[in-house]
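Structure record follows, encoded as structure tokens.
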Amino acid sequence: MNRFVLGLAFAPLLSLAAGCGRPFKIETAPGMVELDNQGPQYDYRALAPDGVVIAVHTVDTGDRGDIEFWTRATVLRMRQLSGYALLEARDVTSRDGTPGRELRFGHDENGKPYLYTLRLFIAQGRLFLIESGGPRDQVERYAPTLKWMQANVKLQCSTLGAPILSSRTCNRW
């Protein structure tokens, strides 16, 4: 009986802990360093010494729009506001099986070519944007690392005690 009462006392604390953390799981590859305090724009950001960056940004959408809507909106924004050219678009899948879209863009800055890859996924009432980019020669050099990180992102996370302690986060324990 006492264990049951103790369990009830700790249940609210466990449910609060289940709600903390990122709404995705990503591992930082060797050769890159996770950056702290990236402000409200990024939920995760890692950097290679040569200036190549990979980042994750989430946007609460409340299930508004589908992958086609967000793909079209992203392509228009990248072209019209940032001057990027769409080089390739293809379907992708996250590590947990969530379908998404990968967009590859190119852009020249001061005569130097840059590559930018963006993966879009919809899960948990959110739009997940997984970005990577930098100078073209360095992005090509880090391509295996970036592809590995992009392929291993988990967006739909299970929790211990689900569905009772279910959470919209992938906790980092």
In region 66-79, anything of a type outside the set (A, V, I, L, M) and either crowded, with 16+ Cβ neighbours inside 10 Å or touching a helix residue (DSSP H, G or I) at 6+ places or on another chain (Cβ under 8 Å) (or both) is listed as Trp70, Thr71, Thr74
Just one listed residue, out of Thr98, Thr93, is free of Cβ contacts under 8 Å to residues at least 12 places away in the same chain and among the hydroxyl-bearing types (Ser, Thr, Tyr), and it is Thr93
When Leu87 is run through (1) more than 21 Å from Asp60 (Cα to Cα); (2) at pLDDT below 95; (3) in a strand (DSSP E or B), the failure sits at (2)
* Asked: Within region 108-124, is even one residue of a type in the set (D, E, K, R), free of Cβ contacts under 8 Å to residues at least 12 places away in the same chain, out of contact with any Asp or Glu (no Cβ under 9 Å at 6 or more places or on another chain) and assigned to a strand (DSSP E or B)?
  -> yes
Exception for Gly134 within (1) at positive phi; (2) not in a strand (DSSP E or B) falls at (2)
Check your understanding: Going by the conditions given, is Arg72 assigned to a loop (DSSP other than H, G, I, E, B), over 22 Å from Glu140 (Cβ atoms) and either free of Cβ contacts under 8 Å to residues at least 24 places away in the same chain or not polar (S, T, N, Q) (or both)?
Key -> no
Scanning region 80-122 for residues that are among the small types (Gly, Ala, Ser) and surrounded by fewer than 17 Cβ atoms within 10 Å (Cβ to Cβ), the one nearest to Glu140 (Cα to Cα) turns out to be Gly106
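Take the residues of region 9-48 that are in a loop (DSSP other than H, G, I, E, B) and of a type in the set (Gly, Ala, Ser): which is modelled with the highest pLDDT? Talk me through it step by step, then tell me what you get.
Of region 9-48, the ones in a loop (DSSP other than H, G, I, E, B) are 19-21, 23-24, 26-32, 35-43, 48.
Subsequent filtering for residues that are of a type in the set (Gly, Ala, Ser) retains 19, 21, 29, 31, 39, 48.
Values: Gly19: 42, Gly21: 68, Ala29: 89, Gly31: 89, Gly39: 72, Ala48: 94.
Here the residue is Ala48.
The values are calculated or read from the model by the stated rules, or taken from the named source; none is laboratory data. In this text, all values refer to a predicted model and were calculated from it rather than measured experimentally. FYI the Cβ positions are ideal-geometry reconstructions off the backbone, even for glycines, and counts take in every protein chain you see.
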